[in-house]
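Engineer: Okay, here's the structure, questions in a sec.
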Amino acid sequence: MPHGTPEEVKKEVWKNLDIAGEKGGLLAAPTHMLEPEVPLENVLAYVEACREYGGKKK
């Protein structure tokens with residue numbers, strides 16, 4: 001989260017959801033907290049990736 005670009009964050013979220021979320025029941029969260037050095041753009045990319053994930057499989 002602190003070092004990647006927003007696009008890299010999105011790709012990583014989708015990769016992890018592909019691996020762990022196939023049958024649902026996965027609570028998507030980056031960690032128990034976000035460090036101050038995480039850019040706001042990456043936090044927003046994470047949220048956007050989670051929202052878009054369901055639609056990307058269709």
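Engineer: Only helical DSSP H runs with n ≥ 4 go in: add -39500 (n - 2.57) per run for the chain, normalise by residue count and round the 222 nm mean residue ellipticity to 500 deg cm²/dmol. Write down the numbers at each step before the final one.
Structural biologist: Working: 2 runs with 32 residues, N = 58.
It comes out at -18500 deg cm²/dmol, rounded to the nearest 500.
Engineer: Quick one: compute the contact order of the chain, relative version, from alpha carbon pairs under 8 angstrom and 6+ residues apart, as a percent. Let's see the in-between values first.
Structural biologist: On the way: 37 pairs, mean separation 33.4, N = 58.
Result for the chain is 58 percent.
Engineer: Beyond 14 Å, what percent of the Cα pairs of the chain remain? Could you put the intermediate results ahead of the total?
Structural biologist: Details: 863 of 1653 pairs.
Tail of P(r) above 14 Å: 52 percent of Cα pairs.
Engineer: Report, in degrees rounded to the nearest 10, the 0 to 90 angle that the Cα long axis of helix 40-56 makes with the longest principal axis of the chain.
Structural biologist: That works out to roughly 10 degrees.
Engineer: Tilt of helix 6-20 relative to the longest C-alpha principal axis of the chain, in degrees (0 to 90, nearest 10)?
Structural biologist: 40
Engineer: A further question follows. Evaluate the distance, in nm, between pseudo-label points positioned 7 Å from the Cα of Glu12 and of Leu44 along their respective Cα→Cβ axes.
Structural biologist: 1.9
Rule-based calculations on the coordinates, nothing more; no lab input. The structure displayed is predicted, hence computed values, not measured ones. In this analysis, Cβ positions are derived from the backbone assuming ideal geometry, glycine residues included, and neighbour counts consider all displayed protein chains.
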